[in-house]
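The next block holds one structure in the form of structure tokens; read it before the comments.
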Amino acid sequence: MNAKTNARRRITLTILRHNPQDANSKPRLQRYALEEAEGMTLFIALNEIREHQDASLQFDFVCRAGICGSCAMMVNGRPRLACRTLTRDLPAETTLAPLPFFALIGDLSVDTGKWMRGMSERLETWLHAREREADLSRIEERMSPDLAEAIYALDRCVECGCCVAACGTAQMRQDFVGAVGFGKIARFRLDPRDRRDDAAFYELIGDDSGVFGCMSLLACHDVCPKSLPLETQIAFLRRKMAFLSAA
Ligand code: SF4
Ligand code: F3S
Ligand code: FES
């Protein structure tokens, strides 16, 4: 056995810590060193720290499989899902911080749910069924595989908030609906079972907190952990809005 090749790497996680619920808490960086294990994710590393070094460390997770979207955080300045990030793909010294934009609960834990709910209510991100869909015998009408695939591609959003955390416009205005909002508009606009027409959809995002606030920075597209086709959808929405405003 070659002891040299089997030597495990020591890694250091420097974590931005703060508890806004504690009046005496001040934002500070805290370093934790640990031994890297085979197949270790950031989620596993954080759990190890919480179990063996510091039980007070706050961070979120539910599924550990990139499905619930709750473990998003800034990893060396880039939003990522902790449960889908292998420590071997990171340098030995890594800095973790909570997602910006969302309300801080404590340390790496932020409240994405409240903002997502507000955005969803504002954009009415649910199916507004046509009357004929009230007839249950017709609700299973055939849909082309390509269209079903296009809708499914957008339905894979896990509302992690990475796209909003990476977006320059969102950092300047809290009411910006972000790429997650554009993706949802695009998803229901594509759905032939939804009775809303183009005008009804575009009214929801037809100002600076919507499409006209987007500066095409495309960081959202780069960081989306589910690889949603955000660039294509945003480009389409912008063209469509420009067309409707000129008409
Ligand atoms: Fe996360 Fe992507 Fe959905 Fe944005 S669009 S919330 S980055 S899954
Ligand atoms: Fe922001 Fe993406 Fe537009 S990063 S500015 S929503 S292209
Ligand atoms: Fe669910 Fe990471 S724990 S996405």
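What nm value, rounded to one decimal, do you get for the distance between Glu93 and Glu51 when each label is placed 7 Å out toward the C-beta?
Result for the modelled spin labels: 2.8 nm.
Among Ile11, Leu42, Ser56, flag the residue with its Cα farthest along the positive direction of the charge dipole of the chain, charges on Cβ as +1 for Lys/Arg and -1 for Asp/Glu.
Ile11
At a Förster radius of 51 Å, what calculated FRET efficiency corresponds to the Cβ-Cβ distance of Arg8 and Ser245, to the nearest 0.05?
Working: r = 59 Å, r/R0 = 1.15.
After rounding, the FRET efficiency stands at 0.30.
Between the stretch 13-81 and the stretch 191-228, what is the separation of their alpha carbon centroids in Å?
About 31 Å separates the Cα centre of the stretch 13-81 from the one of the stretch 191-228.
Could you sort Tyr32, Tyr152 by their accessible area in this structure, using a 1.4 Å probe and putting the largest first?
Details: Tyr32 10, Tyr152 125 Å².
Result, largest first: Tyr152, Tyr32.
So for the chain, what percent of the C-alpha to C-alpha distances run longer than 27 Å?
Details: 13579 of 30381 pairs.
Roughly 45 percent, once rounded to a whole number.
Based on the mean of other beta carbon atoms within 10 Å per residue, what is the order of 34-45, 54-65, most packed first?
On the way: 34-45: 17.1, 54-65: 14.8.
Ranking, from highest mean packing down: 34-45, 54-65.
Just to confirm the filter: which GluC sites (Glu not before Pro) across the stretch 139-211 are DSSP coil and have at most 13 other Cβ within 10 angstrom of their Cβ?
Values: sites: Glu140, Glu141, Glu149, Glu159, Glu203; in loops: Glu140, Glu141, Glu159.
Loop-located and lightly packed - Glu140, Glu141.
Mind checking the dipole of the chain: about its Cα centre, +1 per Lys or Arg Cβ, -1 per Asp or Glu Cβ, Debye to the nearest 20? Write out the running numbers ahead of the final one.
Details: 33 positive and 33 negative charges, 124 e Å.
The calculated dipole for the chain is roughly 600 debye.
Given axes a ≥ b ≥ c from the Cα gyration tensor, I'd like to know whether the stretch 1-65 is rounded (a/c under 1.5), prolate (a/b larger than b/c) or oblate.
Working: a/c = 3.47, a/b = 1.96, b/c = 1.77.
Prolate shape, in that a/c is at least 1.5 and a/b is the bigger ratio.
So for the stretch 140-183, what are the equivalent ellipsoid semi-axes in whole Å, largest first, each being the square root of 5 times an eigenvalue of the Cα gyration tensor?
29, 9, 8
Whole-Hz Karplus ³J(HN,Hα) for the stretch 228-242, in order, using 6.51 cos²θ - 1.76 cosθ + 1.60 and θ = phi - 60°, x for Gly and Pro?
5, x, 5, 4, 4, 5, 5, 4, 5, 4, 5, 5, 5, 5, 4
For the stretch 197-247, what does the convex hull of the Cα positions come to per residue, in cubic angstrom? Could you put the intermediate results ahead of the total?
Values: hull volume 4.2 nm³, N = 51.
Once divided by residue count, the hull of the stretch 197-247 is 83 Å³.
Select from Val75, Phe182, Ile105 the residue farthest towards the positive end of the dipole of the chain; place +1 on Cβ of Lys and Arg, -1 on Cβ of Asp and Glu, and compute about the Cα centre.
Highest projection toward the positive end goes to Val75.
How many lysine pairs are close in the chain, with Cα atoms under 22 Å apart and the two 8 or more places apart or on different chains? Walk me through the intermediate numbers first.
Details: Lys114/Lys184; Lys114/Lys226; Lys184/Lys226; Lys184/Lys240.
Total qualifying Lys-Lys pairs in the chain comes to 4.
What is the spread of the Cα atoms of the stretch 19-138 along each of their three principal axes, largest first, in whole Å?
Over the stretch 19-138, Cα extents along the principal axes are 61, 40, 24 Å.
Once both axes come from the Cα atoms, what is the angle between helix 178-190 and the longest principal axis of the chain, in degrees from 0 to 90, rounded to 10?
The angle comes out near 40 degrees.
If I take R0 = 35 Å and measure r between the Cβ atoms of Met215 and Leu29 in this structure, what FRET efficiency does the formula 1/(1 + (r/R0)^6) give, to the nearest 0.05?
Numbers: r = 31 Å, r/R0 = 0.88.
Efficiency, rounded to the nearest 0.05: 0.70.
Once Rh is set to the Kirkwood radius over Cα pairs, what Stokes-Einstein translational diffusion coefficient, in µm²/s, holds for the stretch 79-216 at a temperature of 20 °C and a viscosity of 1.002 mPa s?
Details: Rh = 17.1 Å.
Using the Kirkwood radius from Cα pairs, D works out to 125 µm²/s.
What is the calculated FRET efficiency for Cys68 to Arg122, with r their C-beta to C-beta distance and R₀ = 25 Å, to the nearest 0.05?
On the way: r = 23 Å, r/R0 = 0.91.
Step by step, r from the Cβ atoms, then E = 0.65.
The values are calculated or read from the model by the stated rules, or taken from the named source; none is laboratory data. Keep in mind that this is a model prediction, so the values were computed, not measured. Quick reminder, even Gly has a Cβ in these numbers, built from the backbone with ideal geometry, and neighbours come from all protein chains shown. Just so you know, the surface numbers come from the protein's heavy atoms only, side chains and all, with ligands and any DNA or RNA stripped out. Shrake-Rupley method; radii C 1.70, N 1.55, O 1.52, S 1.80 Å.
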